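Quick notes on the structure that follows.
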Amino acid sequence: MPVFVRLMRLFRRHLALMSWSVLLLVVVAHCLISWQLMVMAGEEKLVTPTIWFYFYMVTAATIGYGDFSPQTDGGRLIATLWLLPGAITLFAMFLGKATTGLIDSWRRHAMGKSSYPTLKGHTVIVGWMGRDTLRTIDLLMQDTETDDEGILLAATEEIENPRPDEIRFVRLESLADPHGYQRAGIAEAARIIVNAATDEQTLAASFAVLANHPKGHIVATFDRADTCAVLRAHYPRVECILPLHVEVMVRAAQDAGSAFVAAELLSIAGGATQFSLRIPVDCVALSYGKLFTEFKHQHGATLLGYMLADGSAPRLNPPDTDSVAGGSMLYYIADKRVELGRVGWGACGP
């Protein structure tokens with residue numbers, strides 16, 4: 001008996017190394033051999049195709065309803081020495097491989113080893129800053145209009161996915177490795193936020209991200225303006241964010257309540273929020289005064305200003321006579337986003 005046990009353990013060890021296709025072939029072979037042996041033993045009631053499939057599966061799953069069983073001595077010996085050990089072992093192997101596969105898949109997802117090269121229209125956050133990153137995720141998820149294809153976190157830290165039910169996670173070997181960002185589908189991301197621990201890391205990550213020629217909008221956070229200038233000298237379309245806590249503090253001291261106003265404009269959780277709207281390039285130019293009136297009276301929004309398509313500095317509170325051409329970005333305050341289709345812009349397209 002110990003020899004039989006050792007053989008079964010050896011058999012199971014080899015089965016564990018088999019692929020799904022090979023394991024399926026082994027199951028089919030065992031089922032057919034068992035059926036042929038039962039035919040030879042004269043088990044006429046068991047060998048019809050439908051009853052045999054039912055009997056084999058019930059036996060393999062160790063359910064044992066008892067409605068069908070071998071009637072001959074040969075059939076009982078075959079069931080005891082061949083059918084039961086083999087079917088139960090193979091069924092256990094199927095369950096084991098399926099469970100292992102699910103666990104491995106979950107672990108790969110949690111540890112950032114999965115790849116999403118075909119993902120499109122998502123938001124990528126580069127860098128792990130603990131609570132700041134979690135807060136970033138929360139704010140992004142509040143705006144359902146931009147949470148189109150979900151959020152993906154790309155970081156080098158050896159952490160598990162901090163929000164496995166809400167975001168995807170890709171662990172990078174280095175923030176400066178452009179190949180790692182391919183796994184995050186960076187080229188087709190709708191927006192990319194780069195926020196690393198130091199300006200040098202943010203700069204290296206930004207250059208690595210841009211090496212994949214992303215189509216989406218890129219925002220990078222810096223502590224120093226000179227580091228931001230280095231990045232924008234090569235890639236003017238990148239939007240740099242510098243710390244504003246000192247400016248907000250001074251403004252709050254000089255004009256009471258300014259800090260509350262700034263927080264309100266930046267949060268979409270409730271109340272008025274600052275939004276932007278890109279006008280199609282092929283639209284005719286309209287006066288700022290006409291746009292201001294339409295936004296206020298038809299959409300309940302307050303137009304703050306605009307930025308031309310050439311990326312020049314935004315013009316806030318401009319005169320009504322300013323001409324706003326197609327391709328410009330409008331900035332406004334409203335309780336919710338204004339849809340482009342609801343704006344009565346001039347003729348667009350052919």
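Before moving on, here are some points about what is shown:
- Extension gain, residue 99 back to residue 67 (0.36 nm per residue minus Cα-Cα distance, nm): 8.5 nm
- Here each label is just a point 7 Å from Cα along the line to Cβ, and for residue 211 and residue 107 those points are 3.0 nm apart.
- Length, then width, then depth: along the principal axes, the Cα atoms of the range 40-157 run 73, 29, 24 Å.
- Contour minus Cα-Cα distance for residue 20 and residue 298 (0.36 nm per residue): 93.9 nm
- Length-normalised contact order for the chain - Cα pairs under 8 Å, 6+ apart - percent: 10 percent
- Dipole magnitude of the range 49-144 about its Cα centre (Cβ charges: Lys, Arg +1; Asp, Glu -1), debye to nearest 20: 340 debye
- Among [x] 32.2, 102; [y] 22.8, 81; [z] 20.7, 72, the entry that matches Rg and Dmax of the Cα atoms in Å as calculated here: [x]
- Per-residue SASA entry for residue 339, accessible area with 1.4 Å probe, Å² rounded to 10: 120 Å²
- Per residue value of the accessible surface for the range 227-317 (all protein chains in place, 1.4 Å probe), Å²: 62 Å²
- Folded to 0 to 90 degrees: helix 84-110 orientation relative to the chain principal axis, Cα: 10 degrees
- Distance-filtered residues of the range 189-218 - backbone nitrogen under 15 Å, label point 7 angstrom along residue 281 Cα→Cβ: 215-216
- Cα-centre dipole for the range 141-256 with unit charges at Cβ (Lys and Arg positive, Asp and Glu negative), debye to 20: 380 debye
- Rounded Å value of the spacing that divides the Cα centres of the range 325-341 and the range 236-267: 21 Å
- Extension gain from residue 290 to residue 313, taking 0.36 nm per residue of separation minus the Cα-Cα distance: 6.1 nm
- Each Lys and Arg contributes +1 and each Asp and Glu -1, all at the Cβ; summed about the Cα centre of the chain, the dipole is approximately 1100 debye.
- Between the residues 111, 46, 185, the greatest Cα displacement towards the positive end of the dipole of the chain, with unit charges on the Cβ of Lys, Arg, Asp and Glu, is found for 46.
- Percentage, to the nearest whole number, of Cα pairs in the range 149-246 over 16 Å apart: 55 percent
- Among 23-30, 81-88, the order from most to least packed when residues are scored by Cβ within 10 Å on average: 81-88, 23-30
- Count, lysine Cα pairs under 21 Å in the chain, 8 or more residues apart or across chains: 4
- Near the amide H of residue 153, within less than 5 Å, lie the amide hydrogens of 125, 168, 169, 170, all on another chain or at least 5 residues away, with H placed in the peptide plane.
- Heavy-atom accessible surface of the chain: percent carbon and sulfur, 1.4 Å: 62 percent
- Treating r as the C-beta distance of residue 269 and residue 129 and R0 as 22 Å, the FRET efficiency rounds to 0.60.
- Cα-based helix-to-principal-axis angle, 49-60 vs the chain, degrees rounded to 10: 80 degrees
- Rounded to 10°, Cα long-axis angle of helix 288-299 versus longest principal axis of the chain: 50 degrees
- Dividing the summed -39500 (n - 2.57) terms of all DSSP H runs of n ≥ 4 by the residue count of the chain sets its mean residue ellipticity at 222 nm at -13500 deg cm²/dmol.
- The mean sequence separation of alpha-carbon pairs under 8 Å and at least six residues apart, normalised by the residue count of the range 223-350, gives a relative contact order of 27 percent.
- Packing-based ranking, highest mean first, of 248-258, 128-138, 327-337 given that Cβ atoms within 10 Å are counted: 327-337, 128-138, 248-258
- Ligands, DNA and RNA excluded, the heavy atoms of residue 188 present near 60 Å² of accessible surface to a 1.4 Å solvent probe.
- Estimated FRET transfer efficiency (residue 320, residue 342; beta-carbon r; R0 25 Å; 0.05): 0.70
The values are calculated or read from the model by the stated rules, or taken from the named source; none is laboratory data. As the structure is a prediction and not an experimental result, all values here were calculated from the model. When we count neighbours, we look across all protein chains shown, and the Cβ atoms used for this are built from the backbone with ideal geometry, even at glycine. Side chains included, ligands, DNA and RNA excluded: accessible areas come from the protein's heavy atoms. Shrake-Rupley method; radii C 1.70, N 1.55, O 1.52, S 1.80 Å.
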